[in-house]
Amino acid sequence: MKPGHEYSYAGLSVSLCRGALERPWLPRTMWKAFFNRSLGIGVRAVPTVFLMAFCVGFVLALVLETQLAQLSMEQSVPRLIWIILNQQLAPMLTAVVFIGRSVSGSAAELANMKIAEEIKALDAMGVDLSRYLLLPMLCAFLVMLPVIEIYTVGIGLLGAYGVWSCIMGMDADQFVLGALDGAELQDALIGVGKSALFAVVAAMIAFHKGLNATGGSDAVGRVATAAVVSALAAVTLVNALVTGLQLLNK
Amino acid sequence: MSWPSRFENLEESSHAMIHSVNRETENRLRPIALPEMNLPTPRSKSAEPLLVVRDLMKALPNGTTVLNGVSFDVFPGDVFTIIGGSGCGKSTLLNILIGVEEPTAGTVHIFDENIHRLPKCKRKSLMREVGVLFQSGALLQSLTVAENVALPFQQHHPQISRDRELLEETVLMKLRAVRLTAHAAKYPRELSGGMKKRAALARALALDPKLLISDEPTSGLDPVSTKEIDNLTITLSRKSGAAVIVVTHDLLSFQRIARYGIMLGAERDGKLRGTVLISGSRDEFFASKHPLVRSFLHPEDDAVFVAAAGSYQTVEGKVHVQ
């Protein structure tokens with residue numbers, strides 16, 4: 001990245017691609033940073049995601065069962081939950097949790113480094129910012145969001161099963177068979193693919209906001225807020241576009 | 001003390017007034033007898049400059065000129081200071097020297113290379129020979145002191161960084177030189193201000209650079225820590241044979257370590273802002289009759305705290321900014 005110039009989305013994209021292709025691939029320092037980031041982004045988000053996914057699955061099953069029972073279509077609830085969770089709710093829920101925890105944290109961290117001249121120091125030492133700082137973050141986002149999304153689907157189904165077994169008195173076999181009846185691998189892949197896309201969008205927003213921070217310590221709070229708001233809006237828009245394209249292609 | 005009426009409503013001239021200074025004031029303005037320090041040897045006449053700055057200009061987007069035709073050379077072994085009041089462009093000049101900002105006009109050559117025209121890979125090789133000590137230290141908060149000092153080796157000497165024992169020994173050697181071995185495993189937030197500066201100095205000198213650029217290294221430090229940093233800067237760079245550029249407005253540091261330098265006009269100096277008011281040796285600074293130079297070097301002396309370039313007006317012994 002050209003030092004001293006504003007870090008644009010285009011510039012960041014080019015330098016990240018170049019950094020990813022440069023040798024040596026994945027030096028030790030990058031691996032260490034990637035694992036530390038993944039721990040913070042993924043593993044530490046598990047309790048929060050568990051609670052939210054369970055509640056979302058529970059509420060979704062409750063609402064669907066209540067409404068579809070009036071049309072005598074309760075048997076469709078597991079199948080609908082599978083589709084809605086995989087294609088819409090799990091990717092969005094995962095993205096929301098990550099944006100709230102990790103995008104704000106990453107943007108604030110980069111902003112703090114910019115204000116404290118750490119970015120300048122790295123530049124002055126000839127350190128490639130994209131390889132040392134940004135790629136490990138991006139790789140952690142890219143790997144952990146889809147993994148947590150799959151976990152979210154599982155916990156969501158667990159919450160839905162809780163409603164199913166309490167209200168309908170159905171056992172687990174019936175619920176699983178009902179959910180997987182006619183299910184396609186494509187449903188799960190759509191969810192994983194969306195999560196990966198949301199990871200890139202959210203990470204780029206965090207990098208852009210953080211590296212362009214100016215001012216004093218108050219800038220850190222402003223940058224974190226701006227990153228969260230922008231990332232939420234961007235992810236919602238991307239989801240709408242992808243869903244529209246997906247349905248148009250059917 | 002009431003000001004003579006001749007100091008009121010000065011004309012816009014940077015060389016006004018000095019003729020009015022009476023003999024008593026003149027005597028008070030003789031250069032201070034400077035204590036001898038462990039200073040490098042004088043410049044060799046045959047040496048080529050490490051850093052050549054020519055006609056550097058920097059204008060802000062709003063049209064304000066921050067640097068105006070700055071030129072100077074730094075030779076091997078020099079201790080070169082850049083001094084000036086607030087808003088004189090010292091930090092901007094430093095950012096341009098290390099390649100973080102680009103000038104509006106002019107050139108900066110380090111080791112005969114125009115640093116603002118170099119491709120990325122060549123610039124990375126060049127920066128191996130340049131150490132930078134930032135005003136805040138700029139230690140990476142997520143790394144320990146030892147890891148901060150190891151970072152330049154990881155970037156520029158992979159053969160050392162691959163051998164864990166060799167890297168640790170090298171880092172400890174650097175930390176020993178700044179007396180921080182007991183704090184190697186600590187994070188920057190656990191250190192005092194003086195320790196952070198010493199750690200940052202160790203990192204800046206990690207690769208034994210030929211040129212050390214130091215931005216207000218003693219800002220925020222107590223007098224004892226200031227002297228310690230000055231001593232370390234000079235001693236360590238002398239051992240490695242590096243030239244040192246120190247950007248400072250600390251007069252005591254300037255008196256202590258400077259061998260050569262320039263002084264830039266401050267924001268209050270109006271049209272002279274960002275220009276080189278004086279360039280030369282420390283003795284030449286103190287012998288200078290330039291009113292702005294004398295007022296900067298002797299701020300306690302009201303008789304030489306004079307207006308220049310129409311920036312000030314003195315009324316009844318008090319200075320008012322116009």
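The values are calculated or read from the model by the stated rules, or taken from the named source; none is laboratory data. What you see is a predicted model, and the numbers here were worked out from it, not measured in a lab. Glycine also receives a Cβ, built like all others from the backbone with ideal geometry; neighbour counts cover every protein chain displayed. Remember, those area values only see protein heavy atoms, side chains included, never the ligands or the DNA or RNA. Shrake-Rupley method; radii C 1.70, N 1.55, O 1.52, S 1.80 Å.
Computed quantities for the displayed model
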quantity: Computed E for A:ILE167/A:GLU22 - FRET, C-beta separation, R0 60 angstrom, nearest 0.05; calculated: 0.60
quantity: Rg to Rh quotient for the protein assembly as shown, alpha carbon positions, Kirkwood Rh; calculated: 1.13
quantity: Sequence of A:MET125, B:MET173, A:MET137 when ordered by accessible area, the most exposed leading, probe 1.4 angstrom; calculated: B:MET173, A:MET125, A:MET137
quantity: Between the range A:176-221 and the range A:57-90, the alpha-carbon center distance in angstrom; calculated: 24 Å
quantity: Integer Hz, Karplus 6.51/-1.76/1.60 couplings in order for the range A:72-81, x for Gly and Pro; calculated: 6, 10, 4, 5, 7, 4, x, 4, 5, 4
quantity: Two-site label geometry, A:GLU184 and B:GLU168: point separation in nm, points 7 Å out along Cα→Cβ; calculated: 5.7 nm
quantity: Label-point gap, in nm, between A:LEU51 and A:LYS32 - each point 7 angstrom along Cα→Cβ; calculated: 3.4 nm
quantity: Whether the range B:162-206 is rounded, prolate or oblate, judged on the alpha carbon gyration tensor where a/c under 1.5 counts as rounded; calculated: prolate
quantity: Gaussian network model of chain A, Cα within-10 Å springs - most flexible of A:MET52, A:MET144, A:MET73; calculated: A:MET73
quantity: Of A:LYS32/B:LYS197; B:LYS124/B:LYS196; B:LYS239/B:LYS271, those spanning more than 30 Å from alpha-carbon to alpha-carbon; calculated: B:LYS239/B:LYS271
quantity: Beta bridge orientation in the protein assembly as shown: antiparallel %, DSSP, nearest 5; calculated: 55 percent
quantity: Contour minus Cα-Cα distance for B:ARG238 and B:ARG189 (0.36 nm per residue); calculated: 14.6 nm
quantity: Under-5 Å amide H pairs with B:ILE245, H placed in peptide plane, nonlocal only; calculated: B:PHE80, B:LEU212, B:ILE213, B:SER214
quantity: Relative contact order for chain A, counting Cα pairs under 8 Å that sit 6 or more residues apart, in percent; calculated: 34 percent
quantity: Members of B:LYS90/B:LYS186; B:LYS122/B:LYS174; B:LYS58/B:LYS186 lying beyond 30 Å, as alpha-carbon distances in this model show; calculated: B:LYS90/B:LYS186; B:LYS58/B:LYS186
quantity: Using a Förster distance of 22 Å, the FRET efficiency for B:SER71-A:ASN212 (Cβ separation, nearest 0.05); calculated: 0.10
quantity: The range A:201-250, relative contact order [Cα under 8 Å, separation at least 6], %; calculated: 42 percent
